[in-house]
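Visitor: Below is the structure I would like to discuss, written out as C-alpha cells.
Nothing in this text is a laboratory measurement; each read-out follows from the coordinates by a stated rule. Everything numeric in this text was worked out from a predicted model, so none of it was measured. Every residue, glycine as well, gets a Cβ built from its backbone with ideal geometry; the counts of neighbours run over all protein chains shown.
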Amino acid sequence: MVLRGFGVVDLTSLTAHLAGMAKQRIVIDPAVCGGRPIVAGTRMRVSDILDALAAGAGADELLSDFPYLTREDISACLAYGARAVDHSVVQAA
C-alpha cells in the first residue's frame, strides 16, 4: 500500500493481527459508528477508550462509567491501538 508522502506501507502482518482481534473483542461494522473500530456488542469506539486513557482516566474509572465494558475490552483496545501504529514503512528515495 502506498500512502501519499509516506512511501510503501507493509500491512500484511498488521491486517492479519487486527483481523484476529476483530473476531474476539474489536469489530468493524460499516453500519455502526461510521465503520470505526468498536468494542463488540457496543457502540463504544476504540478511539474513545484510548482517548480517555490518554487523558488520565484509569481502567477502574472506565469500568465504573461504562458497566458494559470489561477489563479484557480495555486491554483489547490498547492492543488494537498498538498494532494499528506498528507497521513497516519504507521511505521512497
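Visitor: Pulled fully out, how much extra length does the chain show between Asp29 and Val85, if you take 0.36 nm times their separation in residues and subtract their Cα-Cα distance? Kindly include the intermediate steps, with their values, before the conclusion.
Guide: Numbers: separation 56, 0.36 × 56 = 20.16 nm, distance 2.05 nm.
Answer, rounded to one decimal: 18.1 nm.
Visitor: Here's a follow-up. With θ set to phi - 60° and the Karplus curve 6.51 cos²θ - 1.76 cosθ + 1.60, what are the ³J(HN,Hα) couplings of segment 74-85 in order, to the nearest whole Hz, using x for Gly and Pro?
Guide: 5, 4, 5, 5, 4, 5, 4, x, 5, 6, 5, 9
Visitor: Given 0.36 nm per residue, what is the gain on full extension from Ala92 to Leu63 after removing their alpha carbon distance, in nm?
Guide: Full extension from Ala92 to Leu63 adds 6.0 nm.
Visitor: Residue by residue through segment 63-73, which ³J(HN,Hα) values in whole Hz follow from phi under the Karplus form 6.51 cos²θ - 1.76 cosθ + 1.60 (θ = phi - 60°), with glycine and proline marked x?
Guide: 5, 6, 6, 10, x, 7, 8, 10, 4, 5, 4
Visitor: Along the Cα→Cβ direction, 7 angstrom out, place labels at Ala54 and Ser75. What is the inter-label distance in nm?
Guide: Here the modelled spin labels are 2.3 nm apart.
Visitor: Hey, what do the phi angles of segment 41-46 turn into as Karplus ³J(HN,Hα) couplings, whole Hz, using 6.51/-1.76/1.60 and θ = phi - 60°, x for Gly and Pro?
Guide: x, 9, 10, 7, 6, 4
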